[in-house]
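Asks: Right, I'll just put the structure down here and ask away after.
Throughout, read-outs are computed from the coordinates displayed, never taken from laboratory work. None of these values were measured; they are calculated from a predicted model. Here the Cβ positions follow ideal geometry from the backbone for every residue, glycine too, while neighbour counts run over all protein chains shown.
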Amino acid sequence: MAAVTPALAQSRLLLSGNEAVARAVWESGVKVAAGYPGTPATEMLEALSTYPVEDIYTEWSVNEKVSLEVAIGASMAGSRAFCAMKHVGLNVAADALMTLTLTGVNGGLVIAVADDVGMSSSQNEQDSRYWGRFAHVPLLEPSDSQEAHDMARHAFELSEKYQTPVILRLTARICHVKGIVTVGARSAHKNLGFTKNAERWVMVPGHAKRRLPLMYQREQELKRLSDSSPLNVLEDGSDKRVGFVASGPAYMHVRETFPDAPVLKLGMSYPWPLEKVRALAKLVDILVVVEETEPLLEVEINAAGIIAHGKDILPRIGELAPEVLRPAVERLLGRESAAPQVPPAPQAPLFPRPPTLCASCPHMGVYYTLSQLRNLIISGDIGCYTLGAGHPWNSLDSTICMGASMGVAHGLDKGRAETDKDKRIVAVIGDSTFMHMGMQGLLDMTYNRGNVTVLLLDNGTVGMTGGQNSPANGRDIHSQPAPRISFPKLIEALGVKPERIHVVDPYQLPTLFKLLRQETKIDDVSVIITNRPCALIKDFKPLEPYFVDAAKCTGCGNCVEIGCPAIHVIRRDKVVKASGQEVGLAFTSIDSAACTGCGLCLQPCAPDAILPLAAQNVVSIQPL
């Protein structure tokens with residue numbers, strides 16, 4: 001991302017929600033911003049890293065808990081601070097959050113959390129609005145890029161006025177959709193300095209007990225504020241048959257679907273404005289709460305004695321777009337949808353394209369090798385390598401959360417049935433995930449005498465979220481040189497015996513196969529580190545591409561089992577052997593524009609039909 005030239009006051013820019021939040025953070029005079037990459041939140045820190053370093057310090061932290069702790073420290077020191085993460089990241093940071101809500105803040109502290117409604121790139125669809133209730137802190141929800149900017153700025157003021165962290169909850173729809181945003185200039189924030197106060201900052205039980213009533217008092221003040229807050233707006237409408245309570249993108253869906261209905265738009269969705277909800281309920285015949293994804297407000301509104309519909313008519317899964325909202329409300333009103341019935345345009349059938357690894361991905365050889373071995377139970381993790389669960393490798397047996405491959409593998413080892421005693425346990429984890437949460441699991445294995453073979457796939461980047469830097473590649477968020485971690489040294493320090501630590505080129509399939517077979521037979525913890533860079537980062541150096549000589553190809557299909565998307569099956573045949581067995585043949589070609597010359601497909605090719613592209617003019621030409 002190119003460096004930002006800060007715009008003048010009251011400029012209008014085309015920004016995504018993530019970029020708008022970043023702009024507001026810079027404008028608010030924030031001194032420190034930290035985060036861990038995770039879709040849909042990644043671009044907030046990426047955008048912030050383009051602002052002048054003399055204005056704001058930014059970092060990729062090793063996980064979300066550390067990022068929040070960095071922000072807490074900056075706030076304690078008197079600076080405004082910011083951290084960003086996706087919804088599952090707030091689970092990781094929860095330990096720090098639940099104590100921060102007792103200490104409160106010094107400089108304003110805003111936590112931006114992005115929910116992946118619809119699970120486009122996440123292992124679950126949790127609702128981060130619960131954290132407002134759980135932590136007793138205000139929660140703001142923008143419904144477009146302009147509000148993302150404005151609410152982020154307001155959040156810092158709210159944070160300092162009430163000495164509380166503020167959660168800014170976005171969803172993927174807000175994070176990634178762009179809109180015109182009126183932005184301002186940066187306002188310097190006076191550093192308040194750190195004041196020693198053990199009773200506030202040292203949360204031993206005696207001190208925490210005295211802080212607890214202050215937290216509840218603050219929450220009551222925020223509840224009173226909510227009814228008068230300009231963030232919560234009761235919009236009247238001419239059609240009083242049904243009124244809506246909504247926040248975030250759900251508000252936009254309501255407005256688009258029922259433009260004449262009264263709506264209570266919640267910008268501060270926690271604490272929510274009880275009296276404004278009562279006022280809306282008196283205006284309309286039926287009250288509907290439209291929220292993604294849990295029936296959180298619906299339950300609380302009904303508990304307050306106000307009759308409201310919600311998840312009794314609306315789904316709990318995915319976005320509540322107009323095509324979902326309209327028929328549900330129309331049925332509630334006892335009539336068919338008033339929307340014109342336009343027959344859908346015929347669509348050509350689409351060829352299924354399951355997610356796969358990139359051409360020359362260093363993980364491909366690993367999963368191909370694992371697919372050739374038997375009697376393995378393979379514990380997977382979160383990252384590009386999660387795709388190893390798919391075709392053609394089918395080489396993962398579990399994936400739970402960041403870093404879980406280690407603990408799960410250890411549990412599989414200790415808890416397996418007698419019938420599985422001959423099976424060997426393998427854990428697969430990436431370099432950034434290992435540093436995020438995997439190190440503790442490996443330490444647990446060595447300390448408790450486990451028997452697991454760990455595959456640490458070091459591709460030199462945080463691949464799944466777009467190729468961010470990490471301690472594994474020795475560059476910081478600005479791509480400047482930084483200390484680079486030595487995985488062999490780190491792993492030895494965590495208790496793995498030096499002779500059980502191996503570094504291997506994942507493009508060398510025979511070596512990898514032999515090493516995996518050797519290490520899985522040993523009753524001890526061992527770690528195999530692969531050391532090829534991601535094919536999409538600048539560290540990757542493409543080689544000469546290959547092609548398939550059609551005259552030599554026998555259709556054995558071994559190259560297809562590698563799983564490379566540059567390899568295409570151009571013809572399938574069947575032959576019957578003398579034994580009567582029917583064998584399928586797959587004749588292939590290689591897309592030379594996609595091939596980057598890793599050579600993985602050459603190694604299982606029985607007839608040596610895969611050759612360097614430069615040899616094409618001296619051998620038979622493959623058919624198009």
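Asks: Sorted from fewest to most neighbouring beta carbons within 10 Å, what does the list Lys521, Lys497, Lys86, Lys31 look like?
Replies: Sorted ascending by nearby Cβ count, the order is Lys521, Lys497, Lys31, Lys86.
Asks: Return the Cα extents of the chain along principal axes one, two and three, sorted largest first, each rounded to a whole Å.
Replies: Sorted from largest, the Cα extents of the chain read 83, 67, 58 Å.
Asks: Sticking with this one: In region 546-618, if every C-alpha pair distance is counted and binned at 10 Å from zero, what percent goes to each bin?
Replies: 20, 53, 21, 6, 0
Asks: Taking the Cα centre of each part, how many Å lie between region 163-238 and region 359-411?
Replies: 41
Asks: Once fully extended, how much extra length lies between Ala593 and Thr356, figured as 0.36 nm per residue of separation less the alpha-carbon to alpha-carbon distance?
Replies: That works out to 83.6 nm of additional length.
Asks: Return the calculated 222 nm mean residue ellipticity for the chain, to the nearest 500 deg cm²/dmol, obtained by summing -39500 (n - 2.57) across DSSP H runs with n ≥ 4 and dividing by the residue count.
Replies: Only helices count here, giving -9500 deg cm²/dmol.
Asks: Expressed in whole Å with the largest first, what are the equivalent ellipsoid semi-axes of region 232-332 derived from the C-alpha gyration tensor as the square root of 5 times each eigenvalue?
Replies: Its equivalent ellipsoid spans semi-axes of 17, 15, 13 Å.
Asks: Moving on to the next point. Rounded if a/c is under 1.5, else prolate if a/b beats b/c, else oblate: with a ≥ b ≥ c from the C-alpha gyration tensor eigenvalues square-rooted, which is region 8-91?
Replies: Numbers: a/c = 2.16, a/b = 1.24, b/c = 1.75.
Because a/c hits 1.5 or more and a/b fails to exceed b/c, region 8-91 counts as oblate.
Asks: Could you list the GluC sites (Glu not before Pro) in region 17-108 that lie in coil according to DSSP, counting only those with at most 16 other Cβ atoms within 10 Å of their Cβ?
Replies: Filter output for region 17-108: Glu54.
Asks: What whole number of Å gives the distance from the Cα centroid of region 416-446 to the Cα centroid of region 72-136?
Replies: When both Cα centres are located, 28 Å separates them.
Asks: Once you order the gyration tensor axes a ≥ b ≥ c over the Cα atoms, which shape class does region 452-587 get: rounded for a/c under 1.5, otherwise prolate or oblate by comparing a/b with b/c?
Replies: Oblate, because a/c is 1.5 or more while a/b does not exceed b/c.
Asks: For region 291-321 and region 508-553, what is the separation of their Cα centres, given in Å?
Replies: If you average the Cα positions of each part, the centres end up 50 Å apart.
Asks: For the residue pair Val53 and Lys489, what label-to-label distance in nm results when each label sits 7 Å from Cα along the Cα-to-beta-carbon direction?
Replies: Spacing of the two 7 Å Cα→Cβ label points: 2.3 nm.
Asks: Here's another thing I want to ask about it. Ranked by Cβ crowding within 10 angstrom, fewest neighbours first, how are Asp420, Asp150 ordered? Don't jump to the answer; show the numbers that get you there.
Replies: Details: Asp420 14, Asp150 21.
Placing the least packed residue first, the sequence is Asp420, Asp150.
Asks: In terms of Cα to Cα distance under 16 Å, which aspartates and glutamates are near enough to Lys514, apart from those fewer than 8 places away along the same chain?
Replies: Glu499, Asp505
Asks: Check Ala427: other-chain or 5+ apart residues with amide H under 5 Å from its amide H, H built from backbone geometry?
Replies: For Ala427, whose amide H was placed from the backbone, the distant partners under 5 Å are Ser379, Thr453, Val454, Leu455.
Asks: Can you pull out the trypsin sites (Lys or Arg not before Pro) in region 433-488 whose DSSP state is coil and whose Cβ has at most 14 other Cβ atoms within 10 Å? If you can, show how the numbers build up before the last one.
Replies: Values: sites: Arg449, Arg475, Arg484; in loops: Arg449, Arg484.
Listed in order of number, the matching sites are Arg449, Arg484.
Asks: Another question about this same structure. In degrees, nearest 10, range 0 to 90: what is the angle between the Cα axis of helix 404-415 and the longest Cα principal axis of the chain?
Replies: 70
Asks: Simple spin-label model, 7 Å along Cα-to-Cβ: Lys161 to Asp397 in nm?
Replies: Each label point lies 7 Å from its Cα, and together they span 5.7 nm.
Asks: Could you order peptides 597-608, 107-118 by the average number of other Cβ atoms within 10 Å of their residues, highest first?
Replies: Ranked from most to least packed, the peptides come out as 107-118, 597-608.
Asks: Give me the one-decimal nm value for the distance between modelled label points at Leu585 and Ile522, 7 Å along each residue's Cα-to-Cβ direction.
Replies: Placing both labels 7 Å along Cα→Cβ, they lie 4.4 nm apart.
Asks: Could I ask something else about it? Checking the a/c ratio against 1.5 first, then a/b against b/c, what shape does the Cα gyration tensor give for region 30-153?
Replies: Values: a/c = 1.43, a/b = 1.16, b/c = 1.23.
In terms of gyration-tensor shape, rounded.
Asks: Kindly work out what percent of the DSSP beta bridges joining two residues of the chain are antiparallel, to the nearest 5.
Replies: In the chain, approximately 35 percent of DSSP beta bridges are antiparallel ones.
Asks: Need the full-extension length gain, Val202 to Lys514, defined as separation in residues times 0.36 nm minus the C-alpha distance. One decimal, nm. Before the final figure, lay out each step's value.
Replies: Working: separation 312, 0.36 × 312 = 112.32 nm, distance 5.34 nm.
Going from the current span to full extension adds 107.0 nm.
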